[in-house]
Amino acid sequence: MTTQKARQIWALGGGKGGIGKSMVVGGMGIHIAQLGKKVILADTDLGGANLHTCLGLPLPKVTLDDFIKRRVEKLEDVVCETNCDNLGLISGAQEFLAAANPKHAQKIRLLKKLQSLDIDYLILDLGSGTSFNILDFFLISDNGIIMMVPEPTSVENTYRFLKGAFYRRLRRVTIYREIRELIELALDQKNIRGIKTPRDLVEEIERMDKKLGRILSEEAFKFRPKLIINQVRMDKDIELGFSVKNICSQYLGIQLDYLGYIYYDDCVWQSVRKKKHPILEYPDSKASVGIKMVANNLLQNQQFRL
Amino acid sequence: MEKFLQRNYYQILDVDFRASKIQIKRAFEIAKETYGSDSLAAHSIMSPEKGRRFLSKIMEAYRILIDDDSRRLYDQYLVKTSQEFVGSSEVGLETASPNGQLLPDDTPPSKDPLPPFVRASQLSGTGAEKKTEGDDTLAKEGRYDGPELRRIREEKGIGIRTIAEKTKINITTLKFIEENNFKLLPAPFYVKNFLVQYCRCIELDPEKVTESYMKFYALYKEGKKLFK
């Protein structure tokens with residue numbers, strides 16, 4: 001009734017760096033643009049913005065930094081053209097790291113402008129880590145996607161990311177000091193109350209105050225992050241997605257949707273070397289097919305099934 | 001964690017109440033893989049000892065649910081003991097003994113007629129044609145079923161699409177709720193959550209509505225068994 005735009009924001013993050021997030025963001029963007037939708041990719045990676053390289057573009061002249069520092073007034077002015085129709089790129093701030101934490105007001109302004117872009121899909125490349133900036137972008141998106149690779153380090157960081165995002169979300173919806181303190185407590189893994197997981201936290205709050213507990217468990221239920229597994233080498237790696245989903249719902253109390261997997265594929269680094277995206281260079285390769293599958297599942301709002 | 005051990009077998013296996021044998025088997029395989037000793041998914045998040053406790057509970061759940069007879073008994077037990085489904089028994093449900101024991105096989109089936117809102121068409125494959133009486137307004141004293149919710153929603157001029165957008169609940173699921181299509185609805189836990197969000201949108205008291213609606217849901221399950 002108020003807004004008629006069917007715009008959607010997707011945000012791709014992940015606890016660990018170098019697992020191919022930018023590559024997948026680029027691939028999904030190209031794929032959806034090829035389907036005739038208007039897409040903009042935004043690189044909000046604080047540390048190492050390199051989405052442009054994944055798309056085979058030189059270092060852009062204007063970046064997010066120019067917008068944040070108000071050298072450019074309109075966000076539209078920092079959108080660069082790419083080699084594909086319908087696909088735009090907002091490049092990551094090169095000096096963002098120096099300004100590491102944009103001020104709250106700057107962040108709000110950026111978020112508002114991002115949300116009002118006149119396009120079909122906005123895909124954010126969040127970069128790795130669990131800083132508040134990353135979590136906030138993750139939480140404002142319609143689809144918060146987390147990516148991992150089948151390695152212990154990455155799995156561990158995935159849980160850390162999910163917990164961090166969950167607590168931050170709960171923290172934002174509650175104004176009660178006791179609850180906020182409890183959340184702070186929960187962030188410390190060796191806390192005295194024995195709160196180890198979001199589920200423990202919600203149960204603990206329920207014990208303190210039934211009504212509040214129910215509000216929070218509804219909030220918990222609405223938090224539905226998505227999972228992608230990248231660099232899959234064998235069938236067992238595909239199954240890992242189901243296992244992580246199971247642990248999230250049973251143990252952590254987080255409802256996770258498993259979107260699908262992308263095969264490890266030599267053609268990816270071959271095309272990176274050539275500064276071209278594999279989805280354009282090798283559209284039928286295993287990796288490209290995986291990226292398309294994941295993007296399609298997101299478009300249709302469904303999960304991966306065996 | 002403690003609550004995990006109190007959850008029912010369907011929740012433990014992470015399957016729906018209507019899950020087929022194949023689905024149960026598949027869920028069990030995933031769970032075995034997930035909580036096994038060399039699991040990549042579990043290693044950084046839970047201690048091996050905790051994993052073993054999960055696993056033994058999962059085995060127990062699987063053994064009960066994979067066998068038709070024990071599953072039927074367990075279902076009966078769930079319906080009879082579950083306090084949240086069966087509140088006061090004003091709609092003709094026999095009060096169950098909530099002592100939490102598996103019921104013997106020869107429990108005499110209740111002879112009560114089906115409550116009016118369990119429509120014959122929803123009891124698939126039974127060919128039951130029990131006529132129902134007095135199937136008028138339900139919502140008189142705060143009794144909410146699907147069609148009643150729909151009536152209220154329409155009265156307030158709120159489109160189902162609006163609710164779907166606001167709550168992010170699938171529109172088909174919302175329709176199932178409004179159609180009393182219990183057969184196709186997910187497990188009670190989810191339905192309850194959906195109802196609360198639904199109520200928010202049409203400004204009804206979530207507590208009253210869920211209590212009433214979940215009673216109908218429970219009665220449907222009970223009624224289905226009467227036909228078996």
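Here is how the numbers come out for the structure above:
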| read-out | value |
| --- | --- |
| Verdict on A:Ile254 being in contact (Cβ under 8 Å) with a residue 12 or more places away in the chain and outside any helix (DSSP H, G or I) | yes |
| Selected residue (only one of A:Glu203, A:Glu184, A:Glu178, A:Glu218 is of a type outside the set (S, T, N, Q) and either touching a Gly at 6+ places or on another chain (Cβ under 9 Å) or modelled with pLDDT of 85 or more (or both)) | A:Glu203 |
| Test: residue in the range A:136-148 that is at pLDDT 90 or above and of a type in the set (Asp, Glu) | yes |
| Meets criteria (in a helix (DSSP H, G or I) and away from every other protein chain (no Cβ under 12 Å)) for A:Leu240 | no |
| Inter-residue pairs, beta-carbon under 8 Å, first in contact (Cβ under 8 Å) with a residue 60 or more places away in the chain and in the range B:17-38, second of a type in the set (Phe, Trp, Tyr), 6+ apart | B:Phe17/B:Tyr10 |
| Selection within the range A:284-301 - more than 20 Å from the chain's Cα centre (by Cα) and surrounded by fewer than 19 Cβ atoms within 10 Å (Cβ to Cβ) | A:Asp284, A:Lys286, A:Val289 |
| Only listed residue being surrounded by 20 or more Cβ atoms within 10 Å (Cβ to Cβ), in contact with a Leu (Cβ under 9 Å, 6 or more places away or on another chain) and more than 12 Å from every other protein chain (Cβ to nearest Cβ), chosen from B:Tyr62, B:Tyr77, B:Tyr35 | B:Tyr62 |
| B:Gln76 vs. criteria assigned to a helix (DSSP H, G or I), at pLDDT below 90, on the phi < 0 side of the Ramachandran plot and not assigned by TED's automatic domain parsing to the domain that holds B:Lys215 | yes |
| Single residue of the range B:45-68 satisfying the filter (among the acidic types (Asp, Glu) and part of a helix (DSSP H, G or I)) that is farthest from the chain's Cα centre (by Cα) | B:Glu49 |
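Here is a yes/no grid of residues against (1) at pLDDT below 95; (2) within 11 Å of chain B (Cβ to nearest Cβ); (3) buried (at least 20 other Cβ atoms within 10 Å of the Cβ):
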residue	(1), (2), (3)
A:Lys226	no, no, yes
A:Asn230	no, no, yes
A:Met234	yes, no, no
A:Asn246	yes, yes, yes
A:Leu256	yes, no, yes
A:Ile262	no, no, yes
A:Cys267	yes, no, no
A:Tyr282	yes, no, no
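Residues are listed down the side, and each one gets a yes or a no for (1) of a type outside the set (Ser, Thr, Tyr); (2) modelled with pLDDT under 85; (3) in contact with a Lys or Arg (Cβ under 8 Å, 6 or more places away or on another chain):
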| site | (1), (2), (3) |
| --- | --- |
| A:Val79 | yes, no, no |
| A:Cys84 | yes, no, no |
| A:Leu89 | yes, no, no |
| A:Ala93 | yes, yes, no |
| A:Phe96 | yes, yes, no |
| A:Asn101 | yes, yes, no |
| A:Lys107 | yes, yes, no |
| A:Ile119 | yes, no, yes |
| A:Ile134 | yes, no, no |
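The values are calculated or read from the model by the stated rules, or taken from the named source; none is laboratory data. These numbers were taken from a predicted model, which means no experiment stands behind them. So basically every Cβ, Gly included, is an ideal-geometry build from the backbone, and we count neighbours across all protein chains shown.
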